[in-house]
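Visitor: Pasting a structure below so you can have a look.
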Amino acid sequence: MLTKRIIPCLDIKDGRTVKGTNFVDLRDAGDPVELGALYAQQGADELVFLDITATVEKRKTLSELVNKISHHINIPFTVGGGISSVDDVRVLLQNGADKISVNTAAYKNPQLVQDLEKEFGSQCVVLAIDTRQEDDGEWYVYLNGGRVKTETKCLDWAKKAVDLGAGEILLTSMNHDGTKQGFALDITRTLATQLSVPVIASGGGGAMEHFVDVFENAKADAALAASIFHFKEIGIEPLKEYLKEKNINIRI
Amino acid sequence: MIALIDYGLGNINAFVNVFKRVNVPIKTAKQVEDLDDVTKIILPGVGAFDHAMKQLTESGMKEKLNELVLVKEMPVIGICVGMQMLGKSSDEGNLAGLGWIDGDVKKFDEKLITQRTKIPHMGWNDVKPIRETKLFNGLEKEALFYFLHSYYFKCNVPSDIIATSDYGIEFACAINHKNVYGVQFHPEKSHHYGEQLLHNFAKI
């Protein structure tokens with residue numbers, strides 16, 4: 001049986017791992033290559049590296065860093081941040097990334113998703129969505145690292161992207177990100193039960209039981225977290241042991 | 001020396017890194033001459049079926065590989081798409097496969113996938129060995145491997161199947177016929193289990 005995945009996320013700025021609260025107030029969390037290798041050793045199922053400043057500052061994710069990472073870890077990893085063309089992706093894959101994630105560029109140019117699927121296959125195309133629940137109760141898509149609101153609803157964009165060829169959705173709730181109060185169960189469940197591709201839940205994981213909730217209650221295929229791992233608040237090994245005890249199918 | 005076939009698309013460094021760690025010599029092969037002094041072959045799993053087959057044919061490597069594998073019986077392992085290329089045909093493309101193992105590659109039928117319909121099959125899954133093979137030497141019973149695919153190998157000869165996995169249907173995730181091996185999962189991404197398997201292949 002396919003196991004649920006635990007995915008540490010390394011947000012990278014200027015070559016360092018950083019983590020903020022609600023998308024601001026960045027704190028330094030160490031060398032991404034060292035951290036990635038450590039997580040792989042501890043039992044992480046995959047890794048995600050996001051160059052969070054890339055879109056804003058119009059910089060490309062550093063392919064050299066990706067190359068370095070690929071030499072030190074033996075599990076799959078996804079790279080995102082500022083990817084806007086087939087050529088961007090080719091360079092990252094050639095440097096060792098297994099999957100790439102697109103966000104703002106795909107929203108502005110949906111054809112990109114289709115082009116990537118055609119060139120590299122949907123299995124390596126992850127669509128990242130930053131979403132926020134507004135006062136009207138609806139979940140809206142945000143762009144540029146959460147700085148720009150759109151009028152598009154999260155589920156609508158996710159469905160469209162899957163039709164275009166996205167092979168996986170990385171869903172981050174801006175309401176929950178950095179709060180450690182638990183994942184956004186309702187929107188995660190909506191996507192996980194209505195889409196035909198795996199959904200990674202992100203934002204809000206702060207205690208071990210939050211992971212049980214997001215797998216059992218929200219039906220997520222994978223759960224992503226950052227600061228709790230970086231600052232050693234929850235270890236990957238104890239977390240996976242705990243999930244196993246709770247009868248979640250997990251790789252130990 | 002192991003030859004790692006390079007179709008010119010995607011990353012194959014992961015294999016090089018694994019073999020470097022266990023001190024097994026490996027080189028990438030892009031053209032026929034690169035295959036002159038090799039003793040084992042890896043067909044990695046990058047790119048689409050037709051793209052990889054086209055590359056093998058146009059570079060002239062296909063003919064040379066046929067000689068090495070079928071006549072000289074050199075050990076070869078196909079990984080993911082590389083395994084699928086061992087068959088005769090694939091739903092993913094129009095070109096013929098290598099035909100070294102009797103089977104055809106089919107797309108997962110969403111209707112057959114239980115609980116929820118999710119394609120690609122992505123993540124860590126069980127591998128159930130159904131016959132003895134050197135490839136699995138020293139592997140723990142509970143070993144899990146990383147899968148990432150939408151197509152699977154439908155083997156026509158049951159005795160060629162060495163392990164199965166379950167994703168809505170039970171499918172052949174590892175196959176072997178004489179000197180030809182194939183695995184659907186990615187050993188180069190499957191932590192120490194995968195390293196053990198690749199190391200086993202190097203010792204065959």
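The values are calculated or read from the model by the stated rules, or taken from the named source; none is laboratory data. Being a predicted model, the structure only gives us computed values, none of them experimental. No Cβ is skipped: glycine too gets one built from the backbone with ideal geometry, and neighbour counts run over all protein chains shown. Keep in mind that these areas ignore ligands, DNA and RNA; they rest on the heavy atoms of the full protein, side chains included. Shrake-Rupley method; radii C 1.70, N 1.55, O 1.52, S 1.80 Å.
Visitor: State in Å² the accessible area per residue of region B:146-204; use a 1.4 Å probe, count heavy atoms of protein chains only, and round to the nearest integer. Don't skip to the end; give the middle numbers.
Guide: Details: 1730 Å² over 59 residues.
Per-residue accessible area for region B:146-204 comes out at 29 Å².
Visitor: Next up: Order A:202-211, B:51-60, B:184-193 from most to least packed using the mean count of other Cβ atoms within 10 Å.
Guide: Values: A:202-211: 22.1, B:51-60: 17.8, B:184-193: 24.5.
So the peptides A:202-211, B:51-60, B:184-193, ranked by packing, come out B:184-193, A:202-211, B:51-60.
Visitor: Work out the length of the dipole vector of chain A about its Cα centre, built from +1 on the beta-carbon of each Lys and Arg and -1 on the beta-carbon of each Asp and Glu, and round it to the nearest 20 debye.
Guide: With Lys and Arg at +1 and Asp and Glu at -1, about 200 debye.
Visitor: Sticking with this one: For A:R16 and A:E209 in the same chain, what is the full-extension length gain: residue separation times 0.36 nm, less their Cα-Cα distance, in nm? Walk me through the numbers on the way to the answer.
Guide: Values: separation 193, 0.36 × 193 = 69.48 nm, distance 2.94 nm.
Net length gain for the segment: 66.5 nm.
Visitor: Could you point to the residue in B:I79, B:G168, B:F49 farthest towards the positive end of region B:2-202's charge dipole, with +1 and -1 charges on the Cβ of Lys/Arg and Asp/Glu respectively?
Guide: Among B:I79, B:G168, B:F49, the one farthest towards the positive end of the dipole of region B:2-202 is B:G168.
Visitor: Could I ask something else about it? Per residue of B:120-128, what is the mean number of Cβ atoms on other protein chains within 10 angstrom of that residue's Cβ? Provide the component values of the computation, followed by the final result.
Guide: Working: counts 8, 3, 13, 11, 12, 5, 5, 0, 0.
What the average comes to for B:120-128 is 6.
Visitor: Can you send over the carbon and sulfur percentage of the accessible area for chain A, probe radius 1.4 Å, protein chains only?
Guide: Working: 4390 of 9730 Å².
So the carbon and sulfur contribution to the accessible surface is 45 percent.
Visitor: Going by average Cβ neighbours within 10 Å, how do the peptides A:120-129, A:89-98, B:26-35 rank, with the highest at the top? Don't skip to the answer; put the middle values down first.
Guide: Working: A:120-129: 24.4, A:89-98: 22.1, B:26-35: 16.0.
So the peptides A:120-129, A:89-98, B:26-35, ranked by packing, come out A:120-129, A:89-98, B:26-35.
Visitor: Given charges of +1 on the Cβ of Lys and Arg and -1 on the Cβ of Asp and Glu, with all other atoms neutral, how large is the dipole of region B:1-157 about its Cα centre, in debye to the nearest 20?
Guide: On the way: 20 positive and 20 negative charges, 91 e Å.
The dipole of region B:1-157 has a size of about 440 debye.
Visitor: To the nearest 20 Debye, how big is the dipole of the protein assembly as shown about its Cα centre, given +1 on the beta carbon of each Lys and Arg and -1 on that of each Asp and Glu? All intermediate terms of the calculation are to be shown ahead of the outcome.
Guide: Values: 51 positive and 61 negative charges, 89 e Å.
Dipole magnitude for the protein assembly as shown comes out near 420 debye.
Visitor: Grab the beta carbon distance between B:I204 and A:N217, set R0 = 51 Å, and tell me the FRET efficiency rounded to 0.05.
Guide: Details: r = 47 Å, r/R0 = 0.91.
Computed FRET efficiency for B:I204 and A:N217 comes out at 0.65.
Visitor: Taking every residue in A:64-74, how many Cβ atoms of other protein chains lie within 10 Å of its Cβ, on average?
Guide: Values: counts 0, 0, 1, 2, 0, 0, 4, 5, 1, 4, 14.
Mean partner shielding for this stretch: 3.
Visitor: Take the protein assembly as shown, drop everything but the C-alpha atoms, weight them equally and run the Debye formula without solvent; then report log10 I(q)/I(0) at 0.06, 0.08 Å⁻¹ to two decimals.
Guide: Debye intensities relative to I(0), on a log10 scale: -0.24, -0.43.
Visitor: Shifting gears a bit: Estimate for me the total accessible surface buried between chains A and B (protein heavy atoms, probe 1.4 Å, no ligands or nucleic acids), in Å² to the nearest 100.
Guide: Interface area, both chains combined: 2700 Å², rounded to the nearest 100.
Visitor: Can I ask one more? Pull up the DSSP beta bridges for the protein assembly as shown and report the antiparallel fraction as a percent, rounded to 5.
Guide: Numbers: 38 of 86 bridges.
Antiparallel bridges make up about 45 percent of those DSSP assigns within the protein assembly as shown.
Visitor: Let's test the formula: R0 of 41 Å, r as the Cβ-Cβ distance of A:I248 and B:I130. What FRET efficiency results, to the nearest 0.05?
Guide: Values: r = 27 Å, r/R0 = 0.67.
E(calc), rounded to 0.05, equals 0.90.
Visitor: Nearest 500 deg cm²/dmol is fine: what mean residue ellipticity at 222 nm does chain A get from its DSSP H runs of n ≥ 4 alone, each adding -39,500 (n - 2.57), divided by its residue count?
Guide: Details: 11 runs with 89 residues, N = 252.
Rounded to the nearest 500, it is -9500 deg cm²/dmol.
Visitor: Separate question: Quick check: the distance between the Cα centres of region A:174-252 and region B:1-66, to the nearest angstrom?
Guide: 38 Å
Visitor: How crowded by other chains is A:195-204, given as the mean number of beta carbons from other chains within 10 Å of each beta carbon?
Guide: Working: counts 3, 6, 5, 7, 1, 0, 0, 0, 0, 0.
Taking the mean over all residues of the peptide, I get 2.
Visitor: Over 26 Å, how big is the tail of the calculated P(r) for region A:34-192, in percent of all Cα pairs? Don't skip to the answer; put the middle values down first.
Guide: Values: 3226 of 12561 pairs.
Of the Cα pairs, 26 percent sit more than 26 Å apart.
Visitor: Return the equivalent ellipsoid semi-axes of region B:2-202 as a descending list in whole Å, where each equals the square root of 5 times an eigenvalue of the C-alpha gyration tensor.
Guide: 24, 20, 16
Visitor: Sticking with this structure for a sec: As a test, work out the antiparallel percent of DSSP beta bridges whose residues both lie in chain B, rounded to the nearest 5.
Guide: 60 percent
Visitor: Relative contact order for chain A using alpha-carbon pairs under 8 Å, separation at least 6, rounded to a whole percent?
Guide: Details: 557 pairs, mean separation 47.4, N = 252.
Relative contact order for chain A comes out at 19 percent.
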